[in-house]
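Engineer: One structure, as structure tokens, below. Some questions next.
The values are calculated or read from the model by the stated rules, or taken from the named source; none is laboratory data. Fair warning: this is a prediction, and the values are worked out from it, not measured in the lab. Using ideal geometry, Cβ is built from the backbone for each residue, glycine included, and neighbour counts are taken over all protein chains shown.
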Amino acid sequence: MTKGKKFFAYTFLIVVSFISVFPLYWMMVAATNRSVDVTRGTLMFGTALFDNANKLLGSQNVSTALINSFKYSTIMTLISLLICSIAGYGFEVFHDKAKDRVMSVILLAMMVPFAATMIPLYQMFSKARLLNSTLGFILPTISTPFLIMMFRQSARSFPSDIMEAARLDGLTEFQIFYRMFLPTMRSTYAAALTITFMNAWNSYLWPKVIMSDAKSITMPMLVANLTQGYVTDYGILMLAVLICTIPTVVIFFLLQKSFAEGITGAVK
């Protein structure tokens, strides 16, 4: 690559990186400024961080929202990884035409928007008395077609010779799954964990519908509450958004290498 091409390539990457990072920078800046300064478009850090924090903690139950979000997201992530990995493993290892048809139906379900099934789901959960419950939050999304497809694709790279040797040694299918398949698919599990946790943490529509009790509030619901009213304090709003963003950013940066490997289907 010539110097001219390198210059334009690096210039393009710098511009794109700046555009990508700028919203995060502006969010942090806005969290430290007053609402009037945010509306003016200031790009410098201010001195109103502690005032915004005191107002936020005084007007909203942030601790309850954080605890609920962590609880719901963690439980949903663990159960989703278990169910979807077993399903993806089963679809590939015990492969036949009937399972291919079932998998096709599951993939078609990805085309149905959640809003189309939300009302029937609410009626079902209301009759089952699962409103304002952890089970009601996680049950509709503990198994997703995307995760099942991802684990099925990863299972295709799992050597069949190893499974045959394990069966000859007397291992059951569950022992093969937990002792052999699960350890070798750590990057896939890391990618699935990141995706599932972020989706659960940022979930708003379904919790808003099914969680009517103030004690069941989550962080996205708390952020939405700050926009309701005649006047919105953008400093407090941006601080709440910043608090809501930190856990997902931490999870992504801790698992970014494994996330990239899992998405590309790498197996170690």
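Engineer: Evaluate the following for Met76: is it within 30 Å of Trp206 (Cα to Cα), hydrophobic (A, V, I, L, M, F, W, C) and exposed (fewer than 15 other Cβ atoms within 10 Å of the Cβ)?
Structural biologist: On the way: within 30 Å of Trp206 (Cα to Cα): yes; hydrophobic (A, V, I, L, M, F, W, C): yes; exposed (fewer than 15 other Cβ atoms within 10 Å of the Cβ): no.
For Met76, the condition - within 30 Å of Trp206 (Cα to Cα), hydrophobic (A, V, I, L, M, F, W, C) and exposed (fewer than 15 other Cβ atoms within 10 Å of the Cβ) - is not met.
Engineer: Can you tell me which residue is nearest to Leu193 (Cα to Cα) among those in segment 45-71 that are out of contact with any Asp or Glu (no Cβ under 9 Å at 6 or more places or on another chain) and in a loop (DSSP other than H, G, I, E, B)?
Structural biologist: Asn61
Engineer: Quickly run through segment 228-247 and pick out the residues that are over 19 Å from Thr64 (Cβ atoms) and either at pLDDT below 85 or surrounded by fewer than 17 Cβ atoms within 10 Å (Cβ to Cβ) (or both). It would help to see each step written out before you state the result.
Structural biologist: Here is the first cut: in segment 228-247, the residues over 19 Å from Thr64 (Cβ atoms) are 229-235, 238.
Those that are over 19 Å from Thr64 (Cβ atoms) and either at pLDDT below 85 or surrounded by fewer than 17 Cβ atoms within 10 Å (Cβ to Cβ) (or both): Gly229, Tyr230, Val231, Thr232.
Engineer: Can you name every residue in segment 33-58 that is touching a residue at least 60 places away in the same chain (Cβ under 8 Å) and under 27 Å from the mean Cα position of the chain (by Cα)?
Structural biologist: Answer for segment 33-58, where residues must be touching a residue at least 60 places away in the same chain (Cβ under 8 Å) and under 27 Å from the mean Cα position of the chain (by Cα): Ala53, Leu56.
Engineer: Now a separate question. Could you list, in sequence order, all residues of segment 123-159 that are farther than 19 Å from Ala200 by Cα and outside any helix (DSSP H, G or I)?
Structural biologist: Across segment 123-159, the qualifying residues are Ala128, Arg129, Ser157, Phe158, Pro159.
Engineer: While we're here: For segment 165-202, which residues satisfy the criterion of being in a loop (DSSP other than H, G, I, E, B) and among the aliphatic types (A, V, I, L, M)?
Structural biologist: Within segment 165-202, the first condition is being in a loop (DSSP other than H, G, I, E, B), and the residues that meet it are 169-172, 185.
The answer is Leu171, Met185.
Engineer: For Leu78, all conditions in the list (1) in a helix (DSSP H, G or I); (2) at pLDDT 90 or above; (3) in contact with a helix residue (DSSP H, G or I) (Cβ under 8 Å, 6 or more places away or on another chain) hold save one; what is the number of the exception?
Structural biologist: Single failed check for Leu78: (3).
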